[in-house]
Structure formats: structure tokens, C-alpha cells
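Asker: Below you will find the structure I want to go over with you.
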Amino acid sequence: MIEPREPKYRWGQSVLAADDLYNDGSLPDIAEDQLLVAAGGPGEIVQIGHHREANVPIYMVDFGVVVLGCLEEEIVLAEALA
């Protein structure tokens, strides 16, 4: 069994969207490919999960207007850009 990869970020940290984030179809009430959060949009990590098959952490990020599951490359620490 492969050990789960440790997450880079922690619960409660303030983050920013690293790129524009679009609906990939996982939000059925919103049009697919609709912009959800513009690059630089602020959020907070509210939960951390793990994708077993890919062995990567998944971050639930509350961006205020929507809560999204994000990969590490889709977010950056807010304080890193301050």
C-alpha cells in the first residue's frame, strides 16, 4: 500500500486562486466551463481530503461565493504574495 502524500497546505490557511478556476462539471447547477473564481481570488482552506488513485491531497477551499475542491497547483498561500 502506498502511503498518502502529505499535504503542502494546512486547514485554516488563507490562499489565493493561482489561476482562473472554471466549473469542470462538478457543480451541476452552474454552466460547465463558467468562471467560478478569478486568479487571485481569496479563499480559506476548510477541509483537506485525499485522492487515493492519484495519491494527491484535495483542498476544499471556501472562496466566499463557492466552495471548491482544489489541487495544490491551483492555489497559493495568500501570505506568500504579500
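Asker: Looking only at residues that are of a type outside the set (A, V, I, L, M) and more than 13 Å from residue 66 (Cβ to Cβ) in region 29-44, which one is surrounded by the fewest Cβ atoms within 10 Å (Cβ to Cβ)? Outline the logic, then answer.
Answerer: Step one: list which residues in region 29-44 are of a type outside the set (A, V, I, L, M), which gives 29, 32-34, 40-44.
With the extra rule that they be more than 13 Å from residue 66 (Cβ to Cβ), the set shrinks to 32-33, 40.
Working: 32: 11, 33: 9, 40: 13.
Within region 29-44, the match that is surrounded by the fewest Cβ atoms within 10 Å (Cβ to Cβ) is 33.
Asker: Which one is surrounded by the fewest Cβ atoms within 10 Å (Cβ to Cβ), of the residues in region 1-19 that are among the aliphatic types (A, V, I, L, M) and farther than 27 Å from residue 34 by Cα? Break it down into steps so the answer makes sense when it comes.
Answerer: Within region 1-19, the first condition is being among the aliphatic types (A, V, I, L, M), and the residues that meet it are 1-2, 15-18.
After this cut, where a residue has to be farther than 27 Å from residue 34 by Cα as well, the list is 1-2.
Working: 1: 4, 2: 6.
Among those residues, the one meeting the criterion is 1.
Asker: Kindly provide the set of residues from region 43-67 that are more than 11 Å from the chain's Cα centre (by Cα) and closer than 13 Å to residue 16 by Cβ, ordered by number.
Answerer: 64
Asker: For region 53-62, state whether one or more residues are at negative phi and of a type in the set (S, T, N, Q). Write out each step before concluding.
Answerer: Step one: list which residues in region 53-62 are at negative phi, which gives 53-54, 56-62.
The next check asks that each one be of a type in the set (S, T, N, Q); those that pass are none.
No.
Asker: Pull up region 68-82, narrow it to residues that are outside any strand (DSSP E or B) and within 8 Å of the chain's Cα centre (by Cα), then point me to the one that is farthest from residue 9 (Cα to Cα).
Answerer: Filtering region 68-82 for residues outside any strand (DSSP E or B) gives 71-74, 78-82.
Subsequent filtering for residues that are within 8 Å of the chain's Cα centre (by Cα) retains 71-72, 74.
Values: 71: 10, 72: 8, 74: 12 Å.
Among those that are outside any strand (DSSP E or B) and within 8 Å of the chain's Cα centre (by Cα), it is 74.
Asker: Moving on. Show the residue pairs meeting these rules: Cβ distance below 8 Å; 6+ apart or different chains; first residue within region 39-55 and more than 15 Å from residue 9 (Cβ to Cβ); second residue among the small types (Gly, Ala, Ser).
Answerer: Cβ pairs passing all conditions: 39/17; 39/18; 40/17; 41/17.
Each reported figure results from applying straightforward, stated rules to the coordinates on display, with no laboratory input. Bear in mind that the values here come from a model prediction, so they are computed numbers and not experimental data. Methodologically, a virtual Cβ is constructed for each residue, glycine included, from the backbone with ideal geometry; neighbour enumeration extends over all protein chains shown.
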